[in-house]
Amino acid sequence: MNGIVQLQLWQFSLIYLLLLIVIFIMKRCSINRTKLLIVASIKMTVQLILSGLILTYIFENPHPIFVVAYVSVMVWFSIHRVLSNNKDLNKRFKAVIALSIASSGLFVLLFFVCVVVGESIFNPQYVIPISGMLMGNTMTGVSLGIKTFRESLDGQRAKINALLCFGATPKKILMPFVKQSLETAMLPTINSMIGMGVVSLPGMMTGQILSGTLPTTAILYQIAIMIAICTMVTSASFGALYFGYRTLYDSKKQII
């Protein structure tokens, strides 16, 4: 198989012309988010270029400290993004979310790299890109689950208060919301798994094929990473919701 085609800077720049289509559609539909689109595109470009430079240095100078530091930053950023959208949660709920994301991420990453692939946990070639895929999907899943949970509680506040007056326990009241929110958090990942290979060729598989990897090898890696992502999204969302909802009521079984 041929190696990947190296893009020249002028070739790469052409891709930004496609954003003109997006801007045209936004203007046509009176969607006033042109500035946000431009800012997001610039931030994405700068962040990825910086990441590329840092990763190039780490790959050329592999050291456990660099790998641990990079992964730690990814975990911190994922937790920060989830918590920044839920600033008014109590501190215990925030701690549960952070612990769920970090512990789930560490377990799934260790299992994938050390057990499935059979590489060292300090191998940047495997650990960093896999961590990125795991944390990115988990950040989205947990955010969606917490958002659904909070919106459901706000929309059913009157019903919750009525059930409390009738003597229902907080666990019996809140568990249906937890289950619904967990299902919502898992749904995007499950839908991706259902359509994968038929509707779409996922990013990891596409990248490996472009780099010259045999499609059969790329497929095995993609199946493995999707199962890992599904496991991490589910476990992190479950931990955040199942243990987090318990911080919403006091020792007298009153929802606070």
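Name the helices (runs of 4 or more DSSP H) wholly inside the stretch 1-119 in which the number of residues that are under 22 Å from the mean Cα position of the chain (by Cα) and under 28 Å from residue 147 (Cα atoms) is 3 or more.
Details: elements: 9-13, 18-28, 34-60, 64-84, 91-110.
Where helices (runs of 4 or more DSSP H) fall fully within the stretch 1-119 and carry at least 3 residues being under 22 Å from the mean Cα position of the chain (by Cα) and under 28 Å from residue 147 (Cα atoms), they are 34-60, 64-84, 91-110.
Given the options 176, 129, name the one that is surrounded by fewer than 16 Cβ atoms within 10 Å (Cβ to Cβ) and within 14 Å of the chain's Cα centre (by Cα). Walk me through how you get there before you give the answer.
Working: 176 fails: within 14 Å of the chain's Cα centre (by Cα).
After applying the criteria, what remains is 129.
Condition check: buried (at least 17 other Cβ atoms within 10 Å of the Cβ) and touching a Gly at 6+ places or on another chain (Cβ under 9 Å). Does residue 113 satisfy that? Step through it out loud before you land on a result.
Numbers: buried (at least 17 other Cβ atoms within 10 Å of the Cβ): yes; touching a Gly at 6+ places or on another chain (Cβ under 9 Å): no.
Spelling it out, it is not the case that residue 113 is buried (at least 17 other Cβ atoms within 10 Å of the Cβ) and touching a Gly at 6+ places or on another chain (Cβ under 9 Å).
Taking the conditions exactly as written (at negative phi and not assigned by TED's automatic domain parsing to the domain that holds residue 230), does residue 55 satisfy them or not? Reasoning before the result, please.
Values: at negative phi: yes; not assigned by TED's automatic domain parsing to the domain that holds residue 230: yes.
Against the criterion (at negative phi and not assigned by TED's automatic domain parsing to the domain that holds residue 230), residue 55 qualifies.
Of all residues in the stretch 2-59 being closer than 21 Å to residue 125 by Cβ and of a type in the set (S, T, N, Q), which is modelled with the lowest pLDDT? Give the steps one after another, and end with the answer.
So in the stretch 2-59, the residues closer than 21 Å to residue 125 by Cβ come out as 3-4, 6, 47-59.
Pick out the ones that are also of a type in the set (S, T, N, Q) and you get 6, 47, 51, 56.
On the way: 6: 71, 47: 89, 51: 87, 56: 89.
Step by step, filter the stretch 2-59, then rank; the result is 6.
Kindly indicate which of 234, 216 is in a helix (DSSP H, G or I), of a type outside the set (Asp, Glu) and modelled with pLDDT of 80 or more.
Working: 216 fails: modelled with pLDDT of 80 or more.
Just a single option satisfies the conditions, and that option is 234.
If residue 155 meets every condition in (1) out of contact with any helix residue (DSSP H, G or I) (no Cβ under 9 Å at 6 or more places or on another chain); (2) surrounded by 14 or more Cβ atoms within 10 Å (Cβ to Cβ); (3) among the small types (Gly, Ala, Ser) apart from one, which number is that one?
Going through (1) out of contact with any helix residue (DSSP H, G or I) (no Cβ under 9 Å at 6 or more places or on another chain); (2) surrounded by 14 or more Cβ atoms within 10 Å (Cβ to Cβ); (3) among the small types (Gly, Ala, Ser) one by one, residue 155 breaks only (2).
If you check residue 96 against the conditions, is it aliphatic (A, V, I, L, M), touching a residue at least 12 places away in the same chain (Cβ under 8 Å) and surrounded by 10 or more Cβ atoms within 10 Å (Cβ to Cβ)? Full working, then the answer.
Working: aliphatic (A, V, I, L, M): yes; touching a residue at least 12 places away in the same chain (Cβ under 8 Å): yes; surrounded by 10 or more Cβ atoms within 10 Å (Cβ to Cβ): yes.
Against the criterion (aliphatic (A, V, I, L, M), touching a residue at least 12 places away in the same chain (Cβ under 8 Å) and surrounded by 10 or more Cβ atoms within 10 Å (Cβ to Cβ)), residue 96 qualifies.
Just to be sure before I move on: is residue 144 over 19 Å from residue 217 (Cβ atoms), surrounded by fewer than 17 Cβ atoms within 10 Å (Cβ to Cβ) and of a type in the set (A, V, I, L, M) in the structure I sent?
Working: over 19 Å from residue 217 (Cβ atoms): yes; surrounded by fewer than 17 Cβ atoms within 10 Å (Cβ to Cβ): no; of a type in the set (A, V, I, L, M): yes.
Judged against the criteria, residue 144 is not a match.
List pairs: first in the stretch 118-136 and free of Cβ contacts under 8 Å to residues at least 24 places away in the same chain, second in a helix (DSSP H, G or I) and hydroxyl-bearing (Ser, Thr, Tyr), Cβ under 6 Å, 6+ apart or cross-chain?
As it stands, the answer is 119/126, since those pairs meet every condition given.
The values are calculated or read from the model by the stated rules, or taken from the named source; none is laboratory data. These numbers come from a predicted model, not from an experiment. Every residue, glycine as well, gets a Cβ built from its backbone with ideal geometry; the counts of neighbours run over all protein chains shown.
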